[in-house]
Amino acid sequence: MKKTGAELVLFALEQIGVQYTFGIPGVHNTELYDALNSSDQITPILVTHEGGAAFMADAVSRTTDHIGTLIVVPAAGVTHAMSGIGEAFLDGIPMLVIVGGVRRDTGKSYQLHQVDHHKLVSGIVKQVFLAQHHRDIIKVIYDAYEVATSGTPGPVFVEIPSNLLLFQDSVDDIPTYNPPTHKRPLDFVKIKQAAILLKQAKNPGLYLGWGAVHCVEQSIQLAEKLHMPVSTTLQGLSSFPDSHPLHTGMGFGPSATPAAQNAFANCDCLLAAGVRFSELATGSYGLPVPKNLIHIDINSEVFDRNYKTHTSIQGDSKDIFNELIKELENQVISNDNLQTKEQIALDKASYQKEWASFPEKNRVSPYLFFQALEKKLSKSAYIAVDDGNHTFLTMELFPIEQARHFISPSDFNCMGYCIPAAIATKLCHPEDQVIGIVGDAAFLMTCMEIITASIHQLGVIFFVFHDGELGQISQFQSIPLNRKTCTILGDIQIEGIAQGTGAAFVEMNTNSDIDSALDKALQISTTGQPVIVDVNIDYTKKSRFTMGVVKTNLGRFPLGEKVRFVGRAIKRHIFG
């Protein structure tokens, strides 16, 4: 039979379960977009910028069981999308990037958009694929999908020359997709070793990342069996319900809240699953990890990179947790953690009281904002944040209850993530509330993508924490330097952005506005209109994360440099 390459791509995408594609059509992929238009399963979404498309694809993969998919033009479309591709790569998120490449049947050089994509993207994708014949296309997409979703997930790049997409050729076989059934065998000897370490520990603890977001039930069973306090990474914040009495928050070092610091103070055995001990998650490598570290991850390359393990177990966290539960099933556990729940509750209440007693300014208190937001949002709401001061305030002050309902840029830590990610999340979950919390600087990077939300009648609410600065960096500058360089944004008229993108606009200037502004925004969002809420945020009180990271980094400086930095800070804060 004869098929165009575009028809073959469409068939393969439908077979692997793609529901949405994101991108901008051009001369190299016009035929593919035309094929997508005939699909009953796949909806192509036009974006305003390919960077937004990549962040949207990332959010699809984080919040659903479908793979986020880009269809972009070569060269410029790829370079625009690379920030979102890089985010998926470092955060371990599957993504399928399909590019209509330049023609390879003409023998001509210096074609429009002609670059070496392998050299361009090989550092931020798991693998680069090139289809050279019509008969290759379906297999290439199936293989790419399996690479993207196996091991540590990540983005893959598939280039299909435009001559293949345009023209027909004979293909002997159009195979349906059959997912692989093989699983990595578990190391039961190491699992038994881990169980013994946990049983013998006086103060065991549990540390979870995104790689454990699919095994919440097993994590709860282990935590309760061993009376373990539970900490998470930022990316893995939704891997354990905040309301559980053993939940302590993100991290457990100097950059963590008191509940986590106190609960893990005497930890003598740490069970870490689906984590890489990366810089952000550990508060600049400030975690006091004990000698008895049990590290579980699908990727053996993460073991012993930043912290030495006692026992490392390669495999899926859920499978290994199930086996650990069996090993511990008939054991009576008695350790020193029996009063942990009570202490965590006291420490959490104390931290809330600390925030509640902070003097009111003529702005919006983050604490009061999040208190009100929690009361008014459904427990099934999805939260997307960006990179900035608001990220860590959300982490410390807003409870996340359900797996995959909190998404954030993490190790790549790219500003501009929130707006497109929230839009794609609402696209995939139209019946659920979806909100974005974003700093004003990150908002400016991708705010025009709200046009996409308006076109598709997606009632996302974007809370813009508006302080006129690059909030997190200006705090990092002001604490030791007492000056701010290139972190002042100027006066941004956010209402004009709302008008230009078709969004409703709501102001929240002081604490007295919080309830009425939230009610108005939530009501408007039910009509399908996106809403921008301009939050006049008070960043005076710093998050524990900010203070802890500054302290941790300073403590690691050589003595002479430490004296110089501290002396300069004292001099500037006293004399200006």
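Exactly one condition in (1) among the polar types (S, T, N, Q); (2) at positive phi; (3) at pLDDT 95 or above is false for Asn482; which is it?
(3) is the only condition that Asn482 fails.
Identify, please: which residue in the stretch 555-573 is more than 36 Å from the chain's Cα centre (by Cα) and at pLDDT 85 or above and is, among those, nearest to Lys484 (Cα to Cα)? Give the derivation first.
Initial filter on the stretch 555-573 (more than 36 Å from the chain's Cα centre (by Cα)): 559-560, 563-564, 567-568, 570-573.
Now narrow it down to the ones that are at pLDDT 85 or above: 559-560, 564.
Working: Leu559: 25, Gly560: 24, Arg564: 19 Å.
Filtering first and then ranking leaves Arg564.
Which one is nearest to Ala212 (Cα to Cα) among residues in the stretch 58-86 that are among the β-branched types (Val, Ile, Thr) and in a loop (DSSP other than H, G, I, E, B)?
Thr64
If you go through the stretch 379-417, how many residues are hydrophobic (A, V, I, L, M, F, W, C) and under 22 Å from Tyr351 (Cβ atoms)?
Here is the first cut: in the stretch 379-417, the ones hydrophobic (A, V, I, L, M, F, W, C) are 381, 383-385, 392-393, 395, 397-398, 400, 403, 406-407, 412, 414-415.
Narrowing the set further to residues that are under 22 Å from Tyr351 (Cβ atoms) leaves 383, 385, 392-393, 395, 397-398, 400, 406.
Result for the stretch 379-417: 9.
Hey, could you check the stretch 295-317 for residues that are among the charged types (D, E, K, R) and crowded, with 18+ Cβ neighbours inside 10 Å and say which is nearest to the chain's Cα centre (by Cα)?
Asp297
Within the stretch 376-397, is there a residue that is under 20 Å from Ile514 (Cα atoms), polar (S, T, N, Q), in contact with a Phe, Trp or Tyr (Cβ under 8 Å, 6 or more places away or on another chain) and modelled with pLDDT of 95 or more?
Within the stretch 376-397, one or more residues are under 20 Å from Ile514 (Cα atoms), polar (S, T, N, Q), in contact with a Phe, Trp or Tyr (Cβ under 8 Å, 6 or more places away or on another chain) and modelled with pLDDT of 95 or more.
I'd like the full set of residues that are outside any loop (DSSP other than H, G, I, E, B) and over 23 Å from Phe89 (Cα atoms), limited to the stretch 13-43.
Glu14, Gln15, Thr30, Glu31, Leu32, Tyr33, Asp34, Ala35, Leu36, Thr43
Given the conditions (1) among the small types (Gly, Ala, Ser); (2) surrounded by 24 or more Cβ atoms within 10 Å (Cβ to Cβ); (3) at pLDDT 95 or above, which single one is not true for Gly101?
(3)
Taking Ile333 as the residue in question, decide whether it is over 22 Å from the mean Cα position of the chain (by Cα), β-branched (Val, Ile, Thr) and surrounded by fewer than 23 Cβ atoms within 10 Å (Cβ to Cβ).
Answer is yes for this residue.
Assess whether Lys139 counts as being touching a Cys at 6+ places or on another chain (Cβ under 9 Å), farther than 21 Å from Met82 by Cβ and of a type in the set (D, E, K, R).
On the way: touching a Cys at 6+ places or on another chain (Cβ under 9 Å): no; farther than 21 Å from Met82 by Cβ: yes; of a type in the set (D, E, K, R): yes.
Considered against the rule, which asks whether it is touching a Cys at 6+ places or on another chain (Cβ under 9 Å), farther than 21 Å from Met82 by Cβ and of a type in the set (D, E, K, R), Lys139 comes out as no.
Conditions: (1) crowded, with 16+ Cβ neighbours inside 10 Å; (2) at pLDDT below 95. Gly576 meets all but one. Number of the miss?
(1)
Tell me, which residue of the stretch 31-60 that is in contact (Cβ under 8 Å) with a residue 40 or more places away in the chain and within 23 Å of Leu130 (Cα to Cα) is surrounded by the fewest Cβ atoms within 10 Å (Cβ to Cβ)?
In this case the residue turns out to be Glu31.
Here is a yes/no grid of residues against (1) surrounded by 21 or more Cβ atoms within 10 Å (Cβ to Cβ); (2) on the phi < 0 side of the Ramachandran plot; (3) in contact (Cβ under 8 Å) with a residue 12 or more places away in the chain:
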{"residue": "Met95", "(1), (2), (3)": "yes, yes, yes"}
{"residue": "Leu112", "(1), (2), (3)": "no, yes, yes"}
{"residue": "Leu120", "(1), (2), (3)": "no, yes, yes"}
{"residue": "Gly123", "(1), (2), (3)": "no, yes, no"}
{"residue": "Tyr145", "(1), (2), (3)": "yes, yes, yes"}
{"residue": "Ala148", "(1), (2), (3)": "yes, yes, yes"}
{"residue": "Pro153", "(1), (2), (3)": "yes, yes, yes"}
{"residue": "Leu166", "(1), (2), (3)": "no, yes, yes"}
{"residue": "Pro180", "(1), (2), (3)": "no, yes, yes"}
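Could you please give the count of residues in the stretch 87-130 that are within 13 Å of Ala144 (Cβ to Cβ), assigned to a loop (DSSP other than H, G, I, E, B) and hydrophobic (A, V, I, L, M, F, W, C)?
Number satisfying all stated conditions: 1.
Restricting attention to the stretch 155-203, and to residues there that are in a loop (DSSP other than H, G, I, E, B) and aliphatic (A, V, I, L, M), which single residue is nearest to Thr4 (Cα to Cα)?
Looking at residues that are in a loop (DSSP other than H, G, I, E, B) and aliphatic (A, V, I, L, M), I get Val171.
Hey, any hits in the stretch 456-471 for a residue that's of a type in the set (D, E, K, R), more than 19 Å from Gly51 (Cβ to Cβ) and part of a strand (DSSP E or B)?
yes
Condition test on Asn306, is it modelled with pLDDT of 95 or more, among the polar types (S, T, N, Q) and at negative phi?
So Asn306 fits the description; yes.
Yes or no, residue by residue, for (1) touching an Asp or Glu at 6+ places or on another chain (Cβ under 8 Å); (2) farther than 23 Å from His573 by Cα; (3) among the hydroxyl-bearing types (Ser, Thr, Tyr); (4) not assigned by TED's automatic domain parsing to the domain that holds Ile45:
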residue	(1), (2), (3), (4)
Ala442	yes, yes, no, yes
Ile450	no, yes, no, yes
Ile455	no, yes, no, yes
Cys486	no, no, no, yes
Ala517	yes, yes, no, yes
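Looking only at residues that are in contact with a helix residue (DSSP H, G or I) (Cβ under 8 Å, 6 or more places away or on another chain) and among the charged types (D, E, K, R) in the stretch 411-431, which one is farthest from Arg62 (Cα to Cα)?
The extreme case among them is Asp411.
Filter the stretch 19-28 down to residues that are surrounded by 24 or more Cβ atoms within 10 Å (Cβ to Cβ) and within 26 Å of Pro153 (Cα to Cα), then give me how many there are.
Summing the residues that are surrounded by 24 or more Cβ atoms within 10 Å (Cβ to Cβ) and within 26 Å of Pro153 (Cα to Cα) in the stretch 19-28 gives 3.
The values are calculated or read from the model by the stated rules, or taken from the named source; none is laboratory data. Note that the structure is predicted; figures quoted are calculated from it, not measured. Cβ sites come from the backbone with ideal geometry, for glycine too, and all protein chains shown count toward neighbours.
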